[in-house]
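Scroll down for the structure; my scribbles are underneath it.
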Amino acid sequence: MTKHVPFEQIVEKAQHYKADMTRFLRDMIAIPSESCDERKVVLRIKEEMLKVGFDKVEIDPMGNILGYIGHGPHLIGMDAHIDTVGIGNLKNWTFDPYEGMENDEIIGGRGSSDQEGGMASMVYAGKIIKDLGLEDQYTLLVTGTVQEEDCDGLCWQYIIEQSNIRPEFVVSTEPTDCQIYRGQRGRMEIRVDVQGVSCHGSAPERGDNAIFKMGPILGELQTLGQHLGNDEFLGKGTLTVSEIFFTSPSRCAVADSCAVSIDRRLTWGETWEGALEEIRALPAVKAAKAEVTMYHYDRPAYTGLVYPTECYFPTWKVESDHITVNTLTQAYEGLFNKMPTVDKWTFSTNGVSIMGRHGIPVIGFGPGKEPEAHAPNEKTWKDHLVTCAAMYAAIPLVYLGQLDK
């Protein structure tokens, strides 16, 4: 028989640890931790996990940190990527992005919403579980994962494929504004290459200008982007040209190559094969004999490990009546005496690997808001940290109760 869930006590404990979560989050923000440079923030997280009483803390060969609470048979995962993007143009910030700022309501700094706030709440959820004796027939795995901003999901490809760790489900703590998110569009990174022949710019007719050949392709890509698939829940697929490259012997010469990168967002029912073929089928692509390929990722982790993958990140969603949705809904109602909002992410998460590739259900609930991600003056809300810590502490027992049904 699953233990009773002491919702009121959990909320009280979460409120009690607001200052501790704030301090811990500001410590993480103060440590620059862009993709492939996360070592110092991982060690800071390890220190906090051990301090609050996690039963086991490991750092895997890729550099992900894995903290365990309990020893039961049902493995439940909770994930935060702990790398961040860079700060961009410092002139757009009104405060130092690493020194950060806080007032009574908010905490500012790079990584506050995206998404070290999720880690702060998870670690103190572990503390609440220990304080209130909420261990039961589950093991809670709290992961701080690396390289997500560079290659979303690669960390979990490694955890699942190489460490053979398969939770029954995973809570993603990416920012959801304390709403329940149950899916996202997938994405892929595509490259189109066109070849030309250079010659002196004074007589361009002697050559074959690759940039001119790319022009009609860009127009057809723009049109294609208006006629992609649609899903009632996840929305429509999208396409945008994100980069352009060229080669030319000089500014007084005809360009002999041109390439573009495409950010393709995939909705439900769209495939990577189909996304490549619809570009290859464009008349201008055929006329230019352009090459259409998918990018690959092979950048070393901070540990030196290389785990190469193609830049394809599958679409995923769980149905509205799935046990994970029911679990989080019941936990939210029990803690806060109101119904949660259920929605989806616009951006991408590690769910592309956990569920998209490997079929392990993912459900989202996190502090912070999506529009804060990658923006100057990024911030999160202290009340969000409290709300999420309470949720993460309650979810395992509520899930066991759902299984009992």
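Here are some notes:
- DSSP bridge pairs, the chain: antiparallel proportion in percent, nearest 5: 75 percent
- Dipole of the chain, positive end: most advanced residue of 368, 279, 67 [Cβ charges, Cα centre]: 279
- Charge dipole of segment 86-143 (Cα centre as origin; +1 on each Lys and Arg Cβ, -1 on each Asp and Glu Cβ, all else neutral): 200 debye, rounded to the nearest 20.
- Cα-based Rg / Dmax (Å) for segment 225-287: 15.5, 51
- Entry for percent of Cα pairs over 37 Å apart (calculated from the structure that is shown) out of (1) 16; (2) 23; (3) 28: (3)
- Listed residue (30, 53, 227) projecting farthest to the positive dipole end of the chain, Cβ model: 227
- Here segment 1-141 has an Rg and Dmax of 16.2, 57 Å, counting Cα atoms alone.
- Taking Cα atoms only, the orientation of helix 7-16 departs from the longest principal axis of the chain by about 70 degrees.
- C-alpha long axis of helix 18-29 to longest principal axis of the chain, angle in °: 30 degrees
- Gyration tensor verdict on segment 186-297 (Cα atoms; rounded if a/c is under 1.5, prolate if a/b is larger than b/c, oblate otherwise): prolate
- Bridges between two residues of segment 28-140, per DSSP, are antiparallel at a rate of about 65%.
- Seen against the Cα atoms of the chain and their longest principal axis, helix 210-224 is set at about 50 degrees.
- Over 29 Å between alpha carbons, listed pairs 213/344; 18/91; 13/379: 213/344; 18/91
- Residue-averaged [θ]222 nm for the chain, counting only DSSP H segments that reach four residues, each worth -39500 (n - 2.57): -10000 deg cm²/dmol
- Considering only alpha-carbon pairs that sit under 8 angstrom and 6 or more positions apart, the relative contact order computed for the chain is 27 percent.
Since every read-out is calculated from the coordinates, none of them should be taken as a lab result. Because the structure is predicted, anything quoted here is derived from the model rather than measured. Every residue, glycine as well, gets a Cβ built from its backbone with ideal geometry; the counts of neighbours run over all protein chains shown.
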